[in-house]
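The values are calculated or read from the model by the stated rules, or taken from the named source; none is laboratory data. Everything numeric in this text was worked out from a predicted model, so none of it was measured. Heads up, the Cβs are rebuilt from the backbone with ideal geometry, glycines too, and the neighbour counts pull from every protein chain shown.
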Amino acid sequence: MNPLKVSLCFVVVMVMLFLSFLCGGKMAFNQDARSFAKEKQKTALEREVILTNWVFNNSFCVSRKTAKEIVEIAEKSKHSLFLLALISVESSFNPYAVSSKGAVGLGQIMPVHEGDLITQKLIENKRQLFDIETNILATEYIFLKMYKAKQFQLRKTLAAYLNEDNYQYYSNIMDRYFELMALINVTIQQKEGK
């Protein structure tokens, strides 16, 4: 690959990261939704392989089959890359992760959300949060509800999700999110021969 193209991709990602921090992350999260259709130009299979490899390589305990399942379910969301970045930080893609505070599954869903999830008919009981699809859907539901409540401020939303304002947590998620965006975009450019 042309070193100039690699440098240009790096500069673009760094500028987006900088702007994201200035905007409290709002721009980056919305960029995921806006670029959803454009990113989907890549055939579903190619994109799935790239993301499955990324999930597999960034997990401690999942098989390729489980990594593929996680990607297939996350890809149903307009915010799939962000969800994957969030889950990678929360649980390293371990669907059976349980924290000392009682958070469970891929998205490390806190017990405080169980009642809302039951009311919304996303779960019937806590055990269902160990199911990959259920947990990803619940993670997205909780996150988007918080995002709206925090007036679409990503950093504030992540602070609420973690239940503390932790810059390193925010930075880790954003780093992984931008890594995924760059990985998808660079691969698309390589395939197009640009």
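Can we say Ser88 is part of a helix (DSSP H, G or I), crowded, with 20+ Cβ neighbours inside 10 Å and small (Gly, Ala, Ser)? In short, yes. Taking the criterion of being crowded, with 16+ Cβ neighbours inside 10 Å and within 20 Å of Glu72 (Cα to Cα), the only residue of the stretch 143-166 that qualifies is Phe143.
Pick from Phe29, Phe10: which is modelled with pLDDT under 95, among the aromatic types (Phe, Trp, Tyr), closer than 19 Å to Leu154 by Cα and surrounded by 12 or more Cβ atoms within 10 Å (Cβ to Cβ)? One residue alone meets the criteria, Phe29. Which ones in the stretch 43-82 are touching a residue at least 60 places away in the same chain (Cβ under 8 Å) and part of a helix (DSSP H, G or I)? Correct list: Glu46, Arg47, Ile50, Leu51, Trp54, Thr66, Glu69, Ile70, Ile73, Ala74, Leu81, Phe82. What are the residues in the stretch 32-49 that are modelled with pLDDT of 80 or more and either surrounded by 18 or more Cβ atoms within 10 Å (Cβ to Cβ) or not hydrophobic (A, V, I, L, M, F, W, C) (or both), if any? Correct list: Glu46, Arg47, Glu48.
Scanning the stretch 51-71 for residues that are closer than 23 Å to Ala182 by Cα and surrounded by fewer than 17 Cβ atoms within 10 Å (Cβ to Cβ) yields a count of 4. A single member of Leu117, Leu129, Leu106 is of a type in the set (A, V, I, L, M) and touching a Ser or Thr at 6+ places or on another chain (Cβ under 8 Å), and it is Leu106. For the stretch 106-131, give me each residue that is in a loop (DSSP other than H, G, I, E, B) and without any contact (Cβ under 8 Å) to a residue 40 or more places away in the chain. Scanning the stretch 106-131 gives Leu106, Gly107, Gln108, Gln120, Lys121, Leu122, Ile123, Glu124, Asn125, Asp131.
Scanning the stretch 172-194 for residues that are at pLDDT 95 or above and hydroxyl-bearing (Ser, Thr, Tyr) gives a single hit, Tyr177. Restricting Val112, Val98, Val104 to those that are out of contact with any helix residue (DSSP H, G or I) (no Cβ under 8 Å at 6 or more places or on another chain), under 22 Å from Cys61 (Cβ atoms), modelled with pLDDT of 95 or more and not aromatic (Phe, Trp, Tyr) reduces the list to Val98.
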